[in-house]
Amino acid sequence: MSKLFSRIAGFFSNRTFVGVDRAGNRYFTRKEEIDGILKEKRWVEFKGEQDPTSISVEWICWLNGQRKIAPTPEEMMELEARRERVRLNVALLKKEEEERKAREGSKKAVNSGKVGGPDLKSFIRQFPSASEGHKVERESDERLKETREEKEKPFAESSEPTGSGASYKPGTWQPPS
């Protein structure tokens, strides 16, 4: 019982404040000896409702021990600025892509007078028709017979080592000359 009480008391007294994130979540750590091994425990105290999605990737990595040092406010500001630049670039690229597709789509409609859709004729040409199918089947049957005949032929005697087990003697094989 005293162990449990000391552990609970240690939980509140030995903790070290590490940092706070943008959402107001506070991060703590403490050193704890378990079975003679000193281990570091890390945890978060949420501000308001416990929403794990409010934790940034950098803090998750620190909580899981993938980072040794907690993220600094300067680092978090730089990363947030970088993420915002990436979001803006993605939005710009999407807009350019939509404009390009609109231009290409209008060119197709003007040139051919048709709505751009799949070209089914070229797709169907990939497959043999019924009369061509028999020809393809005969050719594949002939190839199968040829491969079977090749497999059944006896192999010529080779100077390469074959087998292992009882006949294997280390260092006796020499490459063919």
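The values are calculated or read from the model by the stated rules, or taken from the named source; none is laboratory data. Given the structure is predicted, the values throughout are model-derived calculations rather than measurements. Note that each Cβ is placed from the backbone with ideal geometry, even for glycine, and that neighbours are counted across all protein chains shown. Ligands, DNA and RNA are excluded from the accessible area calculation, which covers all protein heavy atoms including side chains. Shrake-Rupley method; radii C 1.70, N 1.55, O 1.52, S 1.80 Å.
Quick check: is even one residue across region 87-97 among the hydrophobic types (A, V, I, L, M, F, W, C), at pLDDT below 90 and open to solvent by 80 Å² or more (accessible area, probe 1.4 Å)?
no
Residues in region 38-57: is at least one surrounded by 15 or more Cβ atoms within 10 Å (Cβ to Cβ), of a type in the set (Asp, Glu) and at pLDDT 90 or above?
No, the conditions are met nowhere in region 38-57.
Does Gly163 fit the bill of being open to solvent by less than 80 Å² (accessible area, probe 1.4 Å), at pLDDT below 80 and in contact with a helix residue (DSSP H, G or I) (Cβ under 7 Å, 6 or more places away or on another chain)?
The answer is no for Gly163.
Need pairs with beta-carbon distance below 8 Å; first residue of a type in the set (Asp, Glu) and within region 57-79, second open to solvent by 50 Å² or more (accessible area, probe 1.4 Å) and not in a helix (DSSP H, G or I); sequence gap 6+ or separate chains.
Here the result reads Glu58/Arg67, each pair linking region 57-79 to a residue that is open to solvent by 50 Å² or more (accessible area, probe 1.4 Å) and not in a helix (DSSP H, G or I).
Could you please tell me which pairs satisfy a Cβ distance under 6 Å, a separation of 6+ or placement on different chains, a first residue in region 13-25 that is modelled with pLDDT of 85 or more, and a second residue that is basic (Lys, Arg)?
If the second residue must be basic (Lys, Arg), the pairs left are Arg15/Arg30; Val20/Arg26; Gly24/Lys47; Asn25/Lys47.
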